[in-house]
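Contents: one structure, followed by commentary.
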Amino acid sequence: MIELMQALFLALLAGLTGTLMASLFLLAPGHWRDQSLPLLIGFAVGALLGAAFFELIPHALEELERPDLERVGQVFFLTLIVAFLLEKFLRWRHHQKQADMARPAGTVVLISDAVHKFVDGVVVVAAFLTDPVLGAATALAVIAHEVPHELSALAILLNSGFRRFRAFLLKLLSSLAIVPGGALAWFWLEPMTAVRPFILVVAAALFSYIALVTLIPELQREHRPRVSALQSLAILAGGGVIFLLHHLAH
């Protein structure tokens, strides 16, 4: 029971921290936000890729028998395709609603965010079940990429006509979907040890997709040498934190 509470607390921490940090970030002066956001995105890219390739995939490979190893690439590939199609659908749905009227666009964001958080809960607890340190590294990666994601979601809510406090409260409530996701992972994955490594592979593929397809294109828009250099350092810092967390724990 204590381990269950630890796993759910870790998931809850990952789910709420991004929303709280993004909300505080919105209160900062505009010029400071503009300067620091690319660095936050860079750190998120490094943390996501670090969690995928330093933690999730190695742990998955350790748990698999030789006949199952070839399925790792297949699961990784299929997850990327599903993520691509899902993002296409959500973008299409968002634009359809936005064309109709403002407020439904915010509603779509809240629903998609709740689903996103539910999946994050599954991923964090699945990683925790494999190794508590892996769970912590995964939670850190979730927090890192959630800050820019939550900023854009809050901006859409405000643009859809929601008042600041209501937008913050609804985002906070949608973030709580990470808890039932984590609970499902605990009761479903704990007895199903054969499935757990493939959940880690799915998580690694999702993290890679977010980093390479969603976040890096944002960084590529920057052409100033100094800012580009700082972005590169932020990526290395994000990956370095995951790398150090892994080696200090082992």
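The values are calculated or read from the model by the stated rules, or taken from the named source; none is laboratory data. Computed from a predicted model, the values in this text were never measured in an experiment. Backbone-built Cβ (ideal geometry, glycine too); neighbour counts: all protein chains shown.
Odds and ends about this structure:
- Where helices (runs of 4 or more DSSP H) fall entirely within the stretch 152-228, those with at least 1 residues that are at pLDDT 85 or above and of a type in the set (Gly, Ala, Ser) are at 164-175, 178-189, 196-209.
- Residue check, LEU200 aliphatic (A, V, I, L, M) and closer than 30 Å to GLU65 by Cα: yes
Condition check ((1) more than 24 Å from LEU4 (Cβ to Cβ); (2) not hydrophobic (A, V, I, L, M, F, W, C)) across all residues:
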{"position": "LEU176", "(1), (2)": "no, no"}
{"position": "TRP186", "(1), (2)": "no, no"}
{"position": "GLU190", "(1), (2)": "no, yes"}
{"position": "VAL195", "(1), (2)": "no, no"}
{"position": "LEU219", "(1), (2)": "yes, no"}
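One line per residue, one yes/no per condition, for (1) of a type in the set (Val, Ile, Thr); (2) modelled with pLDDT of 80 or more; (3) in a helix (DSSP H, G or I); (4) in contact with a strand residue (DSSP E or B) (Cβ under 6 Å, 6 or more places away or on another chain):
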| residue | (1), (2), (3), (4) |
| --- | --- |
| ARG93 | no, no, yes, no |
| ILE111 | yes, no, yes, no |
| ALA114 | no, yes, yes, no |
| PHE118 | no, yes, yes, no |
| VAL123 | yes, yes, yes, no |
| ALA126 | no, yes, yes, no |
| LEU134 | no, yes, yes, no |
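- Any hit, the stretch 237-247, residues being surrounded by fewer than 16 Cβ atoms within 10 Å (Cβ to Cβ) and without any contact (Cβ under 8 Å) to a residue 12 or more places away in the chain: yes
- When PRO29 is tested against (1) of a type outside the set (A, V, I, L, M, F, W, C); (2) over 18 Å from ALA153 (Cα atoms); (3) touching a residue at least 24 places away in the same chain (Cβ under 8 Å), only condition (3) is not met.
A quick yes/no check of all residues on (1) in contact with a helix residue (DSSP H, G or I) (Cβ under 6 Å, 6 or more places away or on another chain); (2) among the aliphatic types (A, V, I, L, M):
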residue: PHE162; (1), (2): yes, no
residue: LEU169; (1), (2): no, yes
residue: LEU173; (1), (2): no, yes
residue: ILE178; (1), (2): yes, yes
residue: TRP186; (1), (2): yes, no
residue: PRO191; (1), (2): no, no
residue: VAL202; (1), (2): yes, yes
residue: SER208; (1), (2): yes, no
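- Out of LEU157, LEU129, LEU176, LEU172, sole residue that is among the hydrophobic types (A, V, I, L, M, F, W, C), closer than 17 Å to PHE25 by Cα and surrounded by fewer than 22 Cβ atoms within 10 Å (Cβ to Cβ): LEU172
- Unmet criterion (only one of (1) within 13 Å of VAL122 (Cα to Cα); (2) without any contact (Cβ under 8 Å) to a residue 12 or more places away in the chain) for ALA177: (2)
- Of the residues screened, GLU3 is not one that is of a type in the set (Asp, Glu) and buried (at least 20 other Cβ atoms within 10 Å of the Cβ).
- Among residues of the stretch 200-213 that are within 16 Å of HIS59 (Cα to Cα), those with a Cβ under 6 angstrom from a residue that is among the β-branched types (Val, Ile, Thr) and assigned to a helix (DSSP H, G or I), sequence gap 6+ or separate chain, pair up as VAL201/VAL72; VAL201/VAL75; VAL202/THR79; ALA203/VAL123; ALA204/ILE57; ALA205/THR79.
- All told, GLU218 falls short of being acidic (Asp, Glu) and in contact with a Ser or Thr (Cβ under 8 Å, 6 or more places away or on another chain).
- A single entry from VAL179, VAL133, VAL195 fulfils the requirement of being farther than 26 Å from PHE43 by Cβ and either touching a Leu at 6+ places or on another chain (Cβ under 9 Å) or among the charged types (D, E, K, R) (or both): VAL195.
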